[in-house]
1. Any chance you could count how many residues in segment 148-193 are modelled with pLDDT of 85 or more and part of a strand (DSSP E or B)?
2. Looking at G105, G145, which one is surrounded by 15 or more Cβ atoms within 10 Å (Cβ to Cβ), in a helix (DSSP H, G or I), among the small types (G, A, S) and assigned by TED's automatic domain parsing to the domain that holds S171?
3. Can you tell me how many residues in segment 83-102 are crowded, with 17+ Cβ neighbours inside 10 Å and out of contact with any Gly (no Cβ under 9 Å at 6 or more places or on another chain)?
4. Would you check if E60 is assigned to a helix (DSSP H, G or I) and farther than 30 Å from L154 by Cβ?
5. If L15 satisfies all but one of (1) surrounded by fewer than 15 Cβ atoms within 10 Å (Cβ to Cβ); (2) over 21 Å from the mean Cα position of the chain (by Cα), what's the number of the condition it fails?
6. Any idea how many residues of segment 118-133 are of a type in the set (K, R), within 26 Å of N160 (Cα to Cα) and out of contact with any Leu (no Cβ under 7 Å at 6 or more places or on another chain)?
7. Quick check on my filter: what residues within segment 63-102 are assigned to a loop (DSSP other than H, G, I, E, B), under 17 Å from T170 (Cβ atoms) and not polar (S, T, N, Q)?
Amino acid sequence: MEYLSEDPTYLAGGLAILAGALLIALQVTQQGRYLIRALIALGLAALVLVAEHFWVTDAERIERVVYDIRDAVKDSDADRVLSYLTPDVQFSRGGETSSGEATRGYIRSTVSNAKFDFLRISHLKTQAFRQSRRGIAEFRVLAGGSLQTSMAQLNFGTANSDWSLGFTETSPQVWKVDRITPTQLSSEMSGPAGSSPGSGFRRPGRRFPMPQ
């Protein structure tokens, strides 16, 4: 049933093809039973599409949050990004974890001062666990733009990074991020102070410490 709600394309398409075949059979044989069966197949295909439209799974809700966060980051809207995070959200990298306050402060500073020429998400996979009411999202980010620091504006070209986000259902059908983990990060990027040894925004020969 979950497969039906996630992607009904194959089932609805198969029913439509079946209806077409039955209509051809109707023309060839002139037997009314094929018309009835074709109408039933088309009705089922329509029912599948309607059910998918109104039936939203938790995995799809998590997926929407990921894309909403992407849009907020691209617009440099830190408040909107933070609205999708729990108060105790943690940044985890290299065996080190930052506190919720440090993570939220880092995100506010970085998002507010970043300007993106483009920001794309690919290879997105989401999963929700019914009993624990927790979920995960894994994806790749392709981005390019600039970051304004207190010392200079740093321009960065096309950068790839892989991320894993942990989710918790804070209220019915409302999912928020409670863990941020970069699984593959370029050497020019890092997280909030304390998340990994020598944290800071780096480029060859220089290092800019992240907000405390």
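1. Number satisfying all stated conditions: 23.
2. Answer to the selection: G105.
3. Selection size over segment 83-102: 1.
4. Here the answer is yes, as E60 does meet what is asked.
5. So L15 meets the others, but not (1).
6. 1
7. Answer for segment 63-102, where residues must be assigned to a loop (DSSP other than H, G, I, E, B), under 17 Å from T170 (Cβ atoms) and not polar (S, T, N, Q): just Y84.
Residue by residue, here is whether (1) over 17 Å from the mean Cα position of the chain (by Cα); (2) within 21 Å of R140 (Cα to Cα); (3) of a type in the set (G, A, S) holds:
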{"position": "D58", "(1), (2), (3)": "no, yes, no"}
{"position": "D71", "(1), (2), (3)": "no, yes, no"}
{"position": "S76", "(1), (2), (3)": "yes, yes, yes"}
{"position": "T86", "(1), (2), (3)": "no, no, no"}
{"position": "V89", "(1), (2), (3)": "no, yes, no"}
{"position": "R93", "(1), (2), (3)": "yes, yes, no"}
{"position": "N113", "(1), (2), (3)": "yes, no, no"}
{"position": "F116", "(1), (2), (3)": "yes, yes, no"}
{"position": "K125", "(1), (2), (3)": "no, yes, no"}
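The values are calculated or read from the model by the stated rules, or taken from the named source; none is laboratory data. These numbers come from a predicted model, not from an experiment. Cβ: placed from backbone, ideal geometry, glycine included. Neighbour counts: every protein chain shown.
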